[in-house]
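The values are calculated or read from the model by the stated rules, or taken from the named source; none is laboratory data. Treat the numbers as computed from the prediction; the structure is a model and nothing was measured. Cβ placement follows ideal geometry from the backbone for every residue including glycine, while neighbour counts extend to all protein chains displayed.
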């Protein structure tokens, strides 16, 4: 974030993760909230845009390997298709496009927002 502070402009995109359909708890939650607070405080003080991406279940090679390796994985895949309103895993390019938007000048008047790229899961 140092170049942004020096320029007193720009944007910062934080990632917040969802695990097994629920946000991480305990020390991970505390660490993420602390980083988010520090980023927000810096942004407000320095006029830097700070936003967050919260991806849902994303179709990746690692996820495919894990889900294909067991019956539990297949059950997880079915659970996603029934619990996510859009009925599928997200794609990496969908998350990337959201990050590019929040980091670009196209979102120059957007700050303090969390964008869920999760097929509507957070709204259920």
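So here's what we get for this one:
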{"item": "Flag if residue 65 is exposed (fewer than 11 other Cβ atoms within 10 Å of the Cβ), out of contact with any helix residue (DSSP H, G or I) (no Cβ under 7 Å at 6 or more places or on another chain), outside any strand (DSSP E or B) and modelled with pLDDT under 65", "result": "no"}
{"item": "Selection count, the range 96-107, where residues are without any contact (Cβ under 8 Å) to a residue 60 or more places away in the chain and in a loop (DSSP other than H, G, I, E, B)", "result": "0"}
